[in-house]
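Quick notes on the structure that follows.
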2 protein chains.
Amino acid sequence: LEHNRSTERMIFPTVDYRRGIVRILDQTRLPLEEHVLELRGPEEVAAAIRELKVRGAPAIGIAAAYGMLAALEKIMKRGSGDRAGYLFDRVEGAREIPAHGITAENIRDELAGARALLASTRPTAVNLFWALDRIEAALGAAGDDPVQMGRRVAKEAFAIHEEELEVELAIGRHGSPLIRNGMNILTHCNAGGLATAGYGTALGVLYWAFEEGKRFTVYADETRPLLQGARITTWELRRRGIETILLCDNAAASLFAAGRIDAAIVGADRIAANGDTANKIGTLGVAILCERFGKPFYVAAPWSTFDTKIPSGSEIPIEERGSREVTAFWGRETAPPGTTVYNPAFDVTPASLVTAIVTERGIMERPGEGTIRRFAAGAG
Amino acid sequence: LEHNRSTERMIFPTVDYRRGIVRILDQTRLPLEEHVLELRGPEEVAAAIRELKVRGAPAIGIAAAYGMLAALEKIMKRGSGDRAGYLFDRVEGAREIPAHGITAENIRDELAGARALLASTRPTAVNLFWALDRIEAALGAAGDDPVQMGRRVAKEAFAIHEEELEVELAIGRHGSPLIRNGMNILTHCNAGGLATAGYGTALGVLYWAFEEGKRFTVYADETRPLLQGARITTWELRRRGIETILLCDNAAASLFAAGRIDAAIVGADRIAANGDTANKIGTLGVAILCERFGKPFYVAAPWSTFDTKIPSGSEIPIEERGSREVTAFWGRETAPPGTTVYNPAFDVTPASLVTAIVTERGIMERPGEGTIRRFAAGAG
């Protein structure tokens, strides 16, 4: 099976749907604990997304799709009087679905509520809305038979997961030629298996290159305020056996000045029609360093991250998060009480600073309106 | 008295010498606690410097001078059989010094040991060596009478403190015209009263402008890994009543891109003969942002921070600190065990990125070999 070949490339289950339950590796507990959350229903999935227990644009998309499936599981099991053990499972697919006592209307109402809830969690990552749209389209195409509706939605949710994993492997394969033996590569935040379906985008490129036998050093920005770089990127890279050096975000400039960085590669949360790229706060600073020191700045992202309805980066909604992420650590204050905080979760890197975007359709050099339109038409 | 006028401008005792004891506000406990350490002898002062309980180039210089005085206090009291309560006090000066049982040789040996110990604490801040040199010169000029030696060294240590405070007020006065009403000013780390004799260098400029009635907003980088910006700069600015917004270091680029920063001002730990400036890690990134977005980048530093023996920034020794500053917080891991870390305490900003250096001798525009030589000759 295709998905078995793909899932072998995962080294840990970022997000999964097994035996009627959404399973998520709780990323807020890494690297101290590898704790898998079992989430029942869209409310629990929405809370996990909001609290960054699952994060990274592609992973959020998959979690949202599974949140919709969890809503479906709930309403359809209600029809069976909860006698069915579980209805859906990523490996087994859809099992026998109890059709009595549930109408198409019930399902549509339930899923509309779940969609609204999941869509309200985080505003920047476009993959969230893209995944919800795909589930909605599948539901719309399923007709009025509850059993068919269930089958169709489940199939779509699993397809989103499987396809994303295939996409990541394609990104890794396309991007690998950018990585040469002995390179020193800077990355920011986490665009690895834990941000995605399980392999990674920016880190996927590095993983593929490593699997091809190339050896290089990755400098990982710790990525304040939530330290995804320190907690998650170092954890992933070390598990893969890749040489990794952790640094505070503000130390990157001195590495560039010393000639110790050859390229930077990051993920993306949303890419506008002109190539402007929203990604984790701090990415713009990395891109500016690449520009000043004449080094390539690469973005790796699936096509699902492109939002061609948005003309430029200035229209991408940027989530501002609570001040406590900055003013406390492990629950203890690091700033005086009442301190005012500027804490955007993302920034926008103008397309002019992006050397290339690695997608599953190939490497897009000098991204801009024209190149993106050509890729949208399937070229690459 | 001159020093009383100056000390009124301090809002807290960064470092002081009272009744035979070095008193230091423990900056590692801020902002949770305002705890004053009482240090006896050079060993305790050296440990406090090494552990960053006192930090900031000018404050380290003063602490080192007082560390030498504490060594002197110790050996001279030993001569009195410890019957004297205390010998030296910043406000009272030198009291009656017991001269029996102590030779000039004893004093020189003791102070040579103290100097070696204090000089080994931190390599980058030149003020440390500058202060130790001043004490040594005072000792050399005092002849062989133990009482005179004691008087002369104490006078020099108190003079270093008093003069630095005067210098900071002069820096504030000279720099104030750079600050206009309504400006948004970025600062990095802490170059305020707690980094200095009590008023501040970069923040001293802002304090003077504020005391003149100007109103502006300060954006304070939190300054990883030790969060001097979050813990100390916000604490100082808020106590002065200045509007302050805290941000993670990596969020500054997005503020510049949004046109929300008009200028940056920082302190310095050592300035080479060509104007290259070592300061807290992350300063270079701020300077590069100023360059890219066409905003002025100011350094404020006393003349004691210039090291004209060093031709350029590449020869400034940069302290690398332990990995645990980056991999743990409040004693709890934030990165996988065994993670390799790059953790320099400082970086070097090339003179070409520095718009001006504010010194007690005036504003030095376009710092470089020529301008620095003119300032060294007393021009300004």
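The values are calculated or read from the model by the stated rules, or taken from the named source; none is laboratory data. Remember, it's a predicted structure, so these values are computed and weren't measured experimentally. Here the Cβ positions follow ideal geometry from the backbone for every residue, glycine too, while neighbour counts run over all protein chains shown. These accessible areas exclude ligands, DNA and RNA; they are computed on the full protein's heavy atoms, side chains included. Shrake-Rupley method; radii C 1.70, N 1.55, O 1.52, S 1.80 Å.
Worth a mention:
- Aspartates and glutamates with Cα under 18 Å of A:Lys295, excluding same-chain neighbours fewer than 8 positions away: A:Asp221, A:Asp249, A:Asp262, A:Glu365, B:Glu291
- Only helices enter this figure: runs of n ≥ 4 DSSP H residues, each worth -39500 (n - 2.57), summed and divided by the residues of chain A, yield -12000 deg cm²/dmol at 222 nm to the nearest 500.
- Computed over protein heavy atoms with a 1.4 angstrom probe, the accessible surface ordering of B:Lys309, B:Lys214, largest first, is B:Lys309, B:Lys214.
- Built amide H within the under 5 Å cut-off of B:Gly192, gap 5+: B:Thr201, B:Leu203
- In the elastic network of chain A, a GNM with C-alpha springs shorter than 10 Å, the most mobile of A:Asp26, A:Asp144, A:Asp249 is A:Asp144.
- As a calculated quantity, the FRET efficiency between B:Asp109 and B:Glu319 at R0 = 25 Å, using C-beta atoms, amounts to about 0.30.
- Integer Hz, Karplus 6.51/-1.76/1.60 couplings in order for the stretch A:152-167, x for Gly and Pro: 5, 5, 4, 4, 5, 4, 5, 5, 4, 5, 4, 5, 4, 5, 4, 4
- Approximate spin-label separation B:Trp330-A:Ala137, in nm, with each point projected 7 Å along Cα-to-Cβ: 4.6 nm
- Inter-centroid distance (Cα atoms) of the stretch B:86-111 relative to the stretch A:280-349, Å: 57 Å
- Estimated distance in nm for a label pair at A:Arg366 and A:Ser352, the labels positioned 7 Å out from Cα along Cα-to-Cβ: 1.4 nm
- Spatial separation of Cα centroids for the stretch A:226-269 and the stretch A:153-218, in angstrom: 15 Å
- Per residue Cα convex hull volume in Å³ - calculated over chain A: 140 Å³
- Global geometry of the stretch B:109-230, whether rounded, prolate or oblate, following the gyration tensor of its Cα atoms and the 1.5 cut on a/c: oblate
- Residue-wise HN-Hα couplings along the stretch B:302-319, as the Karplus relation 6.51 cos²θ - 1.76 cosθ + 1.60 with θ = phi - 60° gives them from phi, are x, 4, 5, 8, 6, 10, 6, 6, 9, x, 8, x, 5, 9, 6, x, 10, 6 Hz; Gly and Pro carry x.
- Sorted shortest first, the separations between the A:Ala377 label point and its copies elsewhere in the assembly read 6.8 nm; each point sits 7 Å from Cα along the Cα-to-Cβ line.
- The value of relative contact order for the stretch B:72-136, using C-alpha pairs under 8 Å at least six residues apart, is 28 percent.
- A label point on B:Glu33, set 7 Å along the Cα-to-Cβ line, lies at 2.9 nm from each of its counterparts in the other copies, closest listed first.
- Shape call, the stretch A:84-175: gyration tensor on alpha carbons, a/c limit 1.5: oblate
- Nearest 10 degrees, 0 to 90: helix B:202-211 Cα axis against chain B principal axis: 80 degrees
- Choice from B:Thr339, B:Thr103, B:Thr124 showing the highest fluctuation, given a GNM over chain B with Cα pairs closer than 10 Å: B:Thr339
- A:Leu32-A:Arg260 pseudo-label distance in nm [points 7 Å out on the Cα-to-Cβ vector]: 2.9 nm
- Of the beta bridges in chain A, as assigned by DSSP with both residues counted there, near 55 percent are antiparallel.
- Across the identical copies, the 7 Å label point of B:Ala116, projected outward along Cα→Cβ, sits 7.7 nm from its counterparts, in ascending order.
- For chain B, the longest principal axis of the C-alpha atoms and the axis of helix B:104-119 are separated by about 20°.
- Across chain A, the relative contact order, built from alpha-carbon pairs under 8 Å that are at least six residues apart, equals 15 percent.
- Cα gyration tensor shape for the protein assembly as shown, rounded if a/c is under 1.5, else prolate or oblate: prolate
- The lysines whose alpha-carbon is closer than 28 Å to the alpha-carbon of B:Lys53, local same-chain residues fewer than 8 away aside, are B:Lys74, B:Lys77, B:Lys155, B:Lys280.
- In Hz, Karplus ³J(HN,Hα) per residue of the stretch B:228-239 (6.51, -1.76, 1.60; θ = phi - 60°; x = Gly, Pro): 4, x, 5, 7, 10, 5, 4, 4, 5, 4, 5, 5
- For the options A:Ala263, A:Ala301, A:Ala59, a Gaussian network treatment of chain A with springs between C-alpha atoms closer than 10 Å singles out A:Ala263 as fluctuating the most.
- Longest site-free stretch - chain B; sites: GluC sites (Glu not before Pro), DSSP loop, at most 13 other Cβ within 10 Å: B:213-380
- The stretch A:16-128 - percent relative contact order, Cα under 8 Å, separation 6 or more: 31 percent
- Degrees, to the nearest 10: A:126-140 long Cα axis against longest axis of chain A: 20 degrees
- Compactness of the stretch B:33-130, taken as the C-alpha radius of gyration over 2.2 N^0.38 Å, stands at 1.12.
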